[in-house]
1. Residue check, residue 102 against (1) touching a residue at least 40 places away in the same chain (Cβ under 8 Å); (2) aliphatic (A, V, I, L, M); (3) in contact with a Phe, Trp or Tyr (Cβ under 9 Å, 6 or more places away or on another chain), all met but one. Which one?
2. On the basis of being over 30 Å from residue 224 (Cα atoms) and hydroxyl-bearing (Ser, Thr, Tyr), does residue 108 make the cut?
3. For the stretch 181-211, enumerate the residues that are among the small types (Gly, Ala, Ser) and at pLDDT below 90.
4. Quick one: in the stretch 97-121, of everything that is charged (D, E, K, R) and touching a Gly at 6+ places or on another chain (Cβ under 9 Å), which residue is nearest to residue 146 (Cα to Cα)?
5. Within the set of pairs 6 or more residues apart or between chains, which connect a residue that is touching a residue at least 24 places away in the same chain (Cβ under 8 Å) inside the stretch 77-89 to a residue that is outside any strand (DSSP E or B) and surrounded by fewer than 10 Cβ atoms within 10 Å (Cβ to Cβ) with Cβ atoms less than 9 Å apart?
6. List, please: which pairs have Cβ atoms under 9 Å, are six or more places apart or on different chains, and start with a residue in the stretch 227-242 that is under 12 Å from residue 164 (Cβ atoms) and end with one that is at pLDDT below 95 and not in a helix (DSSP H, G or I)?
7. Return the total of residues in the stretch 4-40 being in a loop (DSSP other than H, G, I, E, B), of a type outside the set (Lys, Arg) and either modelled with pLDDT under 85 or not assigned by TED's automatic domain parsing to the domain that holds residue 108 (or both).
8. Quick one: residue 153 ticks every box in (1) modelled with pLDDT of 85 or more; (2) assigned to a helix (DSSP H, G or I) bar one, so which box is it?
Amino acid sequence: MPHDLGILLPMSSKNFDGTILASSALFAGLERETLDGLARYSRHITLEPNAGLFKQGDPSDGCYAILEGVLKVSATAADGKEALLAMLGAGDVIGDMGLIDAQPRSASATALKHCSLAFLASRDFKKAANTNPVIYLHMLKILSERLRASNEAATMQQLLPLRGRLARVFLRLAEGFGEPLEGGRVLIRQKFTQAELARMTGSARENANRQIREWTHEGLISRISRYYCLEDTDKLRKFTEF
């Protein structure tokens, strides 16, 4: 069953225009009239911090455009360990694959901050797409681009050393949770364990810990009230280059 109904705030009857969908990577590029048609089916949903949007294995009933806030996307392995897959923010869309294949959710989504989302049900998407085949052609193009990007990301994951992968993780977290400080420093206002950081890099926790200690010693990273602080984002960014 989608949504953690014990924490999910009530839906409103508010509808949206195509501006919301146009800001997402999934629907951007469609004609405004088409976007407005899809948006008329959308509903507004709000989530409080730590509320579950859906769980791995839930049936796919639609997709969500994030208007405000941050969602954590994670998956649970057979051994029970949770793997953090992504952090999504405003402009991102989640659950869109289910619009096409109707397969169960492949991951869980949880709000890390107060979230405002626009929900588009699968049945409504198909109703709109059946009357406007341009939508299906657009989706095929987007899925092709995503497959290409996924292949490139897998290649980069193999070619980049741990230092580069970990730098990418810290910079991505800074984009989602960063709080600018004096001197160009960035405080990541969300707590992450070293085990979580290691999973995001695809490395052993001991190796990630060793690299973090090295950067701490070099003054590239510090800790403030158990939050990570990036002291030199420019140098960290250089580690991500081939």
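1. All conditions pass for residue 102, except number (3).
2. Working: over 30 Å from residue 224 (Cα atoms): no; hydroxyl-bearing (Ser, Thr, Tyr): yes.
Against the criterion (over 30 Å from residue 224 (Cα atoms) and hydroxyl-bearing (Ser, Thr, Tyr)), residue 108 does not qualify.
3. Listed by number, the residues that qualify are 195, 198, 202, 203, 204.
4. 105
5. Listed by first residue and then by second, the contacts come to 83/77.
6. So the pair list comes out as 239/160; 239/161; 240/160; 242/160.
7. Going residue by residue through the stretch 4-40, those that are in a loop (DSSP other than H, G, I, E, B) are 4-11, 13-17, 23-31, 40.
Of the ones still in play, those that are also of a type outside the set (Lys, Arg) are 4-11, 13, 15-17, 23-31.
Narrowing further to those that are either modelled with pLDDT under 85 or not assigned by TED's automatic domain parsing to the domain that holds residue 108 (or both): 4-11, 13, 15-17, 23-29.
Looking only at that region, the number is 19.
8. Residue 153 satisfies all of (1) modelled with pLDDT of 85 or more; (2) assigned to a helix (DSSP H, G or I) except (1).
The values are calculated or read from the model by the stated rules, or taken from the named source; none is laboratory data. Computed from a predicted model, the values in this text were never measured in an experiment. Note that each Cβ is placed from the backbone with ideal geometry, even for glycine, and that neighbours are counted across all protein chains shown.
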